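First the structure, in the form of structure tokens, and then the observations on it.
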Amino acid sequence: MERARRAREIEALEREVAELRRLAAPGASQSEVERLQEQVGELRREFYTHLGAWQRTQLARHPQRPYTLDLVRLLFTDFTELHGDRCFGDDPAIVAGFARFHSRPVLVLGHQKGRDTKQRLARNFGQAKPEGYRKSLRMMNLAAKFGRPILVFVDTPGAYPGIDAEERGQAEAIARNLREMARLPVPVVVTITGEGGSGGALAIAVGDRINILENAIYSVISPEGCASILWRDASKAETAAQALRITASDLSELGIVDEVVPEPEGGAHVDHEATARLLDPVLVRSLDDLTSLTIPELLRRRYAKFRRMGQFLEVAAR
């Protein structure tokens, strides 16, 4: 309740600043506007610094966050999208194509949710079906054939759970991707940009480097799904989000992700261009580090990376 109240205060101040700017005469003193703007900035910084897991989940799902095609426009040149799995059809929930990143040829792959209702329905809210994962694997094998690094952007609530997806082998498609990505002979750099939901995310996220935006999440299940299973009550999603440890800082501490990428003040949804500027050097550094490795060493490190995840110790009872 307190966080909601603070958020409303910030929004009210932002509206006041916008109104003052609109009413200010040309050449008039801007001191009041600047004072308010500074106050808003300070409140916003304090607010976003202390967000809880559930609040970050809401930010990760914000409908204005940058999606894969936004990042393609801001970070890449000469993008050529490719379609179809050569088995059933094309899945618009995942986009893929070859492009250039700082003049380096790469494969770009990622989820796409859509901005309005029509787009979201067309792209199935970023929930891929088997043909989406098979398309992804086809493109990754092409990239491996031509020695091109792969850059992946993950933002999905999960794989589509519908009957048609199950009939066409959803589980098999995801499992095959996990196996094949583990042995791709090219660098794979993954960035979690919004929601990293369950196997639907992991199916294209077996990478040598896994980066995550500051307000993104990555989890085996959604907080609502977890709450429904544990407490039979989806309204306990906030408690579940905290227990799941799905935030960027938690994931970094657990060794699930390699680097947390800061977002512009107010979140990635506020400024796509600034988000891309912050992400760009991280991708450059990741590719530079990985392309210096031999293929056997690259594969050895990738294998070891995922073997280390989820380790635990058993303590004998006294």
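So here's what we get for this one:
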{"item": "Positions within the range 265-280 being in a loop (DSSP other than H, G, I, E, B) and touching a strand residue (DSSP E or B) at 6+ places or on another chain (Cβ under 7 Å), in sequence order", "result": "Ala268"}
{"item": "Wholly within the range 190-264, strands (runs of 3 or more DSSP E) carrying at least 3 residues that are of a type in the set (Ser, Thr, Tyr) and not assigned by TED's automatic domain parsing to the domain that holds Thr294", "result": "none"}
{"item": "Test: residue in the range 184-193 that is surrounded by fewer than 16 Cβ atoms within 10 Å (Cβ to Cβ) and either farther than 30 Å from Val270 by Cβ or touching a Lys or Arg at 6+ places or on another chain (Cβ under 9 Å) (or both)", "result": "yes"}
{"item": "Counted residues, the range 82-93 - those being touching a Leu at 6+ places or on another chain (Cβ under 9 Å) and either modelled with pLDDT of 95 or more or surrounded by fewer than 16 Cβ atoms within 10 Å (Cβ to Cβ) (or both)", "result": "1"}
{"item": "Residue within the range 117-127 that is touching a helix residue (DSSP H, G or I) at 6+ places or on another chain (Cβ under 7 Å), surrounded by 24 or more Cβ atoms within 10 Å (Cβ to Cβ) and not aromatic (Phe, Trp, Tyr) present", "result": "no"}
{"item": "Filter pass, Ala144 being in contact (Cβ under 8 Å) with a residue 40 or more places away in the chain and among the aliphatic types (A, V, I, L, M)", "result": "yes"}
{"item": "Residue in the range 210-229 that is polar (S, T, N, Q), over 17 Å from Ile94 (Cα atoms) and surrounded by fewer than 17 Cβ atoms within 10 Å (Cβ to Cβ) present", "result": "no"}
{"item": "Residues satisfying the stated conditions in the range 152-169, i.e. surrounded by fewer than 24 Cβ atoms within 10 Å (Cβ to Cβ) and either modelled with pLDDT of 95 or more or part of a helix (DSSP H, G or I) (or both)", "result": "Ile163, Asp164, Ala165, Glu166, Glu167"}
{"item": "Residue match in the range 299-318 (condition: on the phi < 0 side of the Ramachandran plot, outside any helix (DSSP H, G or I) and touching a helix residue (DSSP H, G or I) at 6+ places or on another chain (Cβ under 9 Å))", "result": "yes"}
{"item": "Selection count where residues are in contact with a Phe, Trp or Tyr (Cβ under 9 Å, 6 or more places away or on another chain) and modelled with pLDDT under 90, scope the range 197-222", "result": "2"}
{"item": "Tally of residues being touching an Asp or Glu at 6+ places or on another chain (Cβ under 7 Å) and within 17 Å of Ala243 (Cα to Cα) across the range 196-214", "result": "0"}
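Table: residues versus (1) among the hydrophobic types (A, V, I, L, M, F, W, C); (2) crowded, with 18+ Cβ neighbours inside 10 Å.
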| residue | (1), (2) |
| --- | --- |
| Ala237 | yes, yes |
| Ala243 | yes, no |
| Thr247 | no, yes |
| Ser252 | no, no |
| Gly255 | no, no |
| Val261 | yes, yes |
| Gly267 | no, yes |
| His272 | no, yes |
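The values are calculated or read from the model by the stated rules, or taken from the named source; none is laboratory data. These numbers were taken from a predicted model, which means no experiment stands behind them. Neighbour counts run over all protein chains shown; Cβ positions are idealised from the backbone, glycine included.
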